[in-house]
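A.B. asks: One structure coming up, written as structure tokens, with questions to follow.
The values are calculated or read from the model by the stated rules, or taken from the named source; none is laboratory data. Predicted, not measured: the structure shown is a model, and the values here were computed from it. Neighbour counts run over all protein chains shown; Cβ positions are idealised from the backbone, glycine included.
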Amino acid sequence: MTAQEAPLTLPKPGFWKAVQAVFLKDLLAEWRSREILTAQISFALIVLIIFNFALEFNPKARYSVAVGVLWTLFAFAGTLGLNRSWSMERENQSMEGLLLAPVDRSALYLGKALANLVFMAVTAALVLPVYAALYNIALFRPGFLGVLVLGFVGYAGLGTLVAAMSVQARTRDILLPLLLFPLLFPVLVMAVRASEGLLTGASWEEVAPWLRFLLAYDVIFVTLAFLGFGYVVEE
């Protein structure tokens, strides 16, 4: 069997240790600096309060736009965390060390993506109670929380790759959302549709297609990002 015909192999034994090391490194760095969560949560709460006073509609109209406001809030707040997660590596001159480490570079991607997913989840855990109180909506339902998880997985998975691509650019703060939002547009649309259906009591037949599309998007694009990360960070 030639090298070209060799089957795909499973990750090496040290792969998951490398993922864990990168993941814990990012969590520890955030625990010490609190830069990412502070930025995300502050931005999310400010936008939430602004929308609350701006949407002076009747209760039914406010309810219909509430889900769109929520996902818009997470989309913009998440870019702050994605940008900082890679910018800190560049500012601390640790990017080269990570790339020179004798581990699969996909482990670096996966560790970063998991850390960004945790940051999004913590932000949501702190913002959702305030959101529910302001809009008088019961958000803590298993179905809706499941949509949040699927949406965050797609956002963190693809966003980590795009942030790694844009971190070397001088205009990375502008370049990241310009590259990321067109790619994430399907995620946001499907998440909004599924969330709205679950919160308004729509039937399973109406919600299921959006959930299937969202799950398929996560699987396809996170897999592509995982496999292509090594090529993205090449000099």
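A.B. asks: Go through the stretch 138-170 and give me each residue that's under 11 Å from the mean Cα position of the chain (by Cα) and among the polar types (S, T, N, Q).
C.D. replies: Answer for the stretch 138-170, where residues must be under 11 Å from the mean Cα position of the chain (by Cα) and among the polar types (S, T, N, Q): just 160.
A.B. asks: Another question about this same structure. Scan the stretch 31-49 residue by residue and report those that are out of contact with any Asp or Glu (no Cβ under 6 Å at 6 or more places or on another chain), under 13 Å from residue 77 (Cβ atoms) and hydrophobic (A, V, I, L, M, F, W, C).
C.D. replies: Within the stretch 31-49, 37, 39, 41, 43, 44, 45, 46, 47, 48 qualify.
A.B. asks: Would it be correct to say that residue 135 is surrounded by 15 or more Cβ atoms within 10 Å (Cβ to Cβ) and either farther than 28 Å from residue 210 by Cβ or at pLDDT 90 or above (or both)?
C.D. replies: no
A.B. asks: Kindly indicate whether any position in the stretch 89-101 is under 17 Å from the mean Cα position of the chain (by Cα) and either under 18 Å from residue 31 (Cβ atoms) or assigned to a loop (DSSP other than H, G, I, E, B) (or both).
C.D. replies: Scanning the stretch 89-101, I find no residue that is under 17 Å from the mean Cα position of the chain (by Cα) and either under 18 Å from residue 31 (Cβ atoms) or assigned to a loop (DSSP other than H, G, I, E, B) (or both), so the answer is no.
A.B. asks: Let me ask something else. State yes or no: is residue 113 in contact with a helix residue (DSSP H, G or I) (Cβ under 7 Å, 6 or more places away or on another chain), buried (at least 21 other Cβ atoms within 10 Å of the Cβ), in a helix (DSSP H, G or I) and not charged (D, E, K, R)?
C.D. replies: Answer is yes for this residue.
A.B. asks: Going by the structure shown, is residue 174 within 19 Å of residue 109 (Cα to Cα) and surrounded by fewer than 18 Cβ atoms within 10 Å (Cβ to Cβ)?
C.D. replies: no
A.B. asks: Starting from the stretch 174-197, take each residue that is under 11 Å from residue 158 (Cα atoms) and list its partners that are among the β-branched types (Val, Ile, Thr) and buried (at least 18 other Cβ atoms within 10 Å of the Cβ), counting only C-beta distances under 9 angstrom and pairs at least six apart or across chains.
C.D. replies: As it stands, the answer is 179/162; 180/79; 180/162; 181/79; 183/162; 184/162, since those pairs meet every condition given.
A.B. asks: I would also like to ask the following. Residue by residue through the stretch 50-101, note down the ones that are polar (S, T, N, Q), modelled with pLDDT of 80 or more and either closer than 19 Å to residue 195 by Cβ or out of contact with any Leu (no Cβ under 9 Å at 6 or more places or on another chain) (or both).
C.D. replies: 72, 85
A.B. asks: May I pose another question? What do you reckon, is residue 171 modelled with pLDDT of 90 or more and among the polar types (S, T, N, Q)?
C.D. replies: When the stated conditions are applied, residue 171 does not pass them.
A.B. asks: Follow-up. Checking the conditions here, which among 191, 216, 225 is more than 24 Å from residue 99 (Cβ to Cβ), in a helix (DSSP H, G or I) and in contact with a helix residue (DSSP H, G or I) (Cβ under 6 Å, 6 or more places away or on another chain)?
C.D. replies: 191
A.B. asks: A further question follows. Residue check, residue 120 against (1) hydrophobic (A, V, I, L, M, F, W, C); (2) over 21 Å from residue 43 (Cα atoms); (3) outside any loop (DSSP other than H, G, I, E, B), all met but one. Which one?
C.D. replies: (2)
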